[in-house]
Amino acid sequence: MKYAVIIAVVFAVGLLFVGANLSADAAKSSGTKNQQFGKGSQIQVCGTHFCASDPSLKKHVDHEKNKPTQDDLRALFNRMDKIHKQHQDQLLDKWRLMTNAERVQFIKQMNEMMTKMESIDMATHMEQMLVDQHDASHTKMKDQVHKKTKTGK
């Protein structure tokens with residue numbers, strides 16, 4: 001018990017010491033007018049130039065700052081794996097409710113889909129998904145416009 005109290009006191013004193021010495025405020029020099037610094041400043045530095053003097057440098061810096069990394073790709077793969085698992089679970093739930101005839105038809109359709117997926121490369125697959133997404137979005141918009149026209153709203 002005695003040691004626990006000593007450790008707690010040392011820890012508390014350490015926190016007070018560290019907290020008292022940490023400050024992000026910069027001292028303002030004397031003789032200067034009220035200037036804006038950081039994000040509040042209208043003038044930004046891009047490398048060795050002011051961004052205002054060369055706007056292309058600012059775009060380049062922003063682009064480089066947002067450059068995707070290998071970790072971003074791994075995160076995407078992990079997300080894809082999670083979605084794949086969710087889809088498998090949903091198919092399993094659906095399977096449990098099917099009759100034998102429905103299961104036979106389901107297996108046939110899934111095998112046809114898998115054969116088609118195996119025969120195309122990823123770029124073609126992604127392109128087709130984007131076209132399908134665009135077509136679905138376009139159809140939904142047309143349906144909404146048609147519905148509004150019919151109802152007059």
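The values are calculated or read from the model by the stated rules, or taken from the named source; none is laboratory data. Worth saying up front: this structure is predicted, and the values here are computed from it rather than measured. FYI the Cβ positions are ideal-geometry reconstructions off the backbone, even for glycines, and counts take in every protein chain you see. With ligands, DNA and RNA removed, areas are computed over all heavy atoms of the protein, side chains included. Shrake-Rupley method; radii C 1.70, N 1.55, O 1.52, S 1.80 Å.
Under 9 Å between Cβ atoms, which residue pairs at least 6 apart in sequence (or on different chains) link something in the stretch 112-135 that is free of Cβ contacts under 8 Å to residues at least 24 places away in the same chain with a partner that is open to solvent by less than 100 Å² (accessible area, probe 1.4 Å) and outside any helix (DSSP H, G or I)? Qualifying pairs under 9 Å: 128/120.
Does residue 104 fit the bill of being open to solvent by less than 100 Å² (accessible area, probe 1.4 Å) and at pLDDT 95 or above? So residue 104 fits the description; yes.
Residue-wise test of (1) surrounded by 10 or more Cβ atoms within 10 Å (Cβ to Cβ); (2) under 22 Å from the mean Cα position of the chain (by Cα); (3) basic (Lys, Arg); (4) at pLDDT below 75.
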| residue | (1), (2), (3), (4) |
| --- | --- |
| 57 | yes, no, no, yes |
| 64 | no, yes, no, yes |
| 85 | yes, yes, yes, no |
| 97 | no, no, no, no |
| 128 | yes, no, no, no |
| 138 | yes, no, no, yes |
| 148 | yes, no, yes, yes |
